[in-house]
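Student: Starting off with a structure, shown below.
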Amino acid sequence: MARIPQKKNSTRKESITLAAARLFREKGFSATGMRDLAGSVGVEAASLYNHIRSKSELLHEICFRIANQFTAQLNELESDGAMDSLDKVEAVLRFHIRIWVEKLDEVLVTTNESRHLEEPYLSAFLNERRVYVRRLETIIEDGIRKGQVRRIEPYVAVLTLMSAVRGIEFWHRTKKNVTAQQLEESMVSNLIAGLKK
């Protein structure tokens, strides 16, 4: 029987999850079958069930893993009393940029395919996303109160930042001789300049 290839320090389930993320991004969750997934890791479809219960389980794993990374990073920033609001926004922005650069498949699946999560997970995921956006708004509101951020609508500011980062999908397609580091520094410089008072 064929063995599922593993990266060093990775589990078979992790290999399957990463393959699923790539397929869900390329074909969409609904159009991806277990045979597609089995073929991408070089095993029979029946062998996958030794490691996972369903493709819904894989979608759940992908979406909540990414969401939890964002939340953990924000928790850390909020507890750092030494950082001002602009520092926190910059740190969030850099984190988002790096995730989009390094984990495009997983982030795009989380962004585009999370609507296929089964209940009660879909409601939990959407609520977590709303809370995350609200927490970012609060950081910007704090910056406005302290005179660090110009007077803008906080929700629109968050939407603008997140929409700009989503544009990294097009960088992946073209690269245009811009390194990941150049991309990050340029985006941070331009976006933070737009927030400063």
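The values are calculated or read from the model by the stated rules, or taken from the named source; none is laboratory data. Note that the structure is a prediction, hence the values are computed from the model and not measured. For neighbour counting, all protein chains shown are included, and Cβ atoms are generated from backbone atoms with ideal geometry for every residue, glycine included.
Student: If Ala124 satisfies every condition in (1) small (Gly, Ala, Ser); (2) in contact with a Leu (Cβ under 9 Å, 6 or more places away or on another chain); (3) under 21 Å from Lys88 (Cβ atoms) but one, which is the exception?
Tutor: Condition (3) is where Ala124 drops out.
Student: Can you tell me which of Leu108, Leu104 is touching a His at 6+ places or on another chain (Cβ under 7 Å) and aliphatic (A, V, I, L, M)?
Tutor: On the way: Leu108 fails: touching a His at 6+ places or on another chain (Cβ under 7 Å).
Result: Leu104 is the single residue among Leu108, Leu104 that is touching a His at 6+ places or on another chain (Cβ under 7 Å) and aliphatic (A, V, I, L, M).
Student: A further question on this structure: If you take the residues in region 26-75 that are under 25 Å from Ala124 (Cα atoms) and acidic (Asp, Glu), which one is surrounded by the most Cβ atoms within 10 Å (Cβ to Cβ)?
Tutor: Checking each candidate, the answer is Glu61.
Student: Pull out all pairs, ordered by first then second residue, where Cβ-Cβ is under 9 Å, the residues are six or more apart or on different chains, the first lies in region 21-42 and is at positive phi, and the second is of a type in the set (D, E, K, R).
Tutor: Close Cβ pairs satisfying both conditions: Gly28/Glu113; Gly42/Arg3.
Student: Need at least 3 residues that are farther than 16 Å from Lys13 by Cβ and assigned by TED's automatic domain parsing to the domain that holds Thr174 per element, so show me which helices (runs of 4 or more DSSP H) inside region 23-125 make the cut, counting only ones lying wholly within it.
Tutor: On the way: elements: 34-41, 45-48, 55-78, 85-102, 104-112.
The helices (runs of 4 or more DSSP H) meeting that bar are 55-78, 85-102, 104-112.
Student: Yes or no: Arg166 surrounded by fewer than 16 Cβ atoms within 10 Å (Cβ to Cβ) and touching a residue at least 60 places away in the same chain (Cβ under 8 Å)?
Tutor: On the way: surrounded by fewer than 16 Cβ atoms within 10 Å (Cβ to Cβ): yes; touching a residue at least 60 places away in the same chain (Cβ under 8 Å): yes.
Yes; evaluated as a whole, the condition is true for this residue.
Student: Now a separate question. For region 138-146, indicate whether the set of residues that are at pLDDT 95 or above and under 20 Å from Ile99 (Cα atoms) is non-empty.
Tutor: No - not one qualifying residue is present in region 138-146.
Student: Has region 96-106 got any residue that is closer than 18 Å to Leu122 by Cβ and not aliphatic (A, V, I, L, M)?
Tutor: Filtering region 96-106 for residues closer than 18 Å to Leu122 by Cβ gives 106.
In the following step, the residues that additionally are not aliphatic (A, V, I, L, M) were identified as 106.
Scanning region 96-106, I find at least one residue that is closer than 18 Å to Leu122 by Cβ and not aliphatic (A, V, I, L, M), so the answer is yes.
Student: Mind listing just one residue for me: the one in region 131-152 that is in contact with an Asp or Glu (Cβ under 9 Å, 6 or more places away or on another chain) and not in a helix (DSSP H, G or I) and, of those, farthest from Lys88 (Cα to Cα)?
Tutor: Ranking the candidates gives Lys146 first.
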